[in-house]
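Inspection log for the structure reproduced underneath, given as structure tokens.
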Amino acid sequence: MTDITVSLPDELAQQAENAGLLRSDAIAELLREAMKKRQIDQLFTAMGKLASLEPALTEEEIDAEIDATRAERAGRS
């Protein structure tokens, strides 16, 4: 187990204490939730970057690529 020290404004510390949020188990749960949210945010950021890279091929372009590959293979055999 790791011990940590956190400095908080007095009013926030009192509110957190009154809400039961300064217990080790409560802080651990808050950190788990924050890490999960961060991972989800990073996933959506990555998905956004991927979506903006190159426009997706149309069905016609996919069919043309397949036909070209088949023709190339047929020419080699």
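Taking only DSSP H segments of four or more residues, each worth -39500 (n - 2.57), what value at 222 nm results for the chain once the sum is divided by all its residues, to the nearest 500 deg cm²/dmol?
Taken over the chain, the calculation gives -24500 deg cm²/dmol.
Taking Cα atoms, how many degrees apart are the long axis of helix 24-51 and the longest axis of the chain, rounded to 10 and kept between 0 and 90?
Taking Cα atoms only, the helix is inclined about 20 degrees.
Under a no-solvent Debye model with one identical scatterer per Cα of the chain, what's log10 I(q)/I(0) at q = 0.17 Å⁻¹?
Debye intensities relative to I(0), on a log10 scale: -0.87.
Any read-out appearing in this document is the output of simple, stated calculations on the displayed coordinates, not a laboratory observation. Here the structure is a predicted model, which means the values were calculated and not measured.
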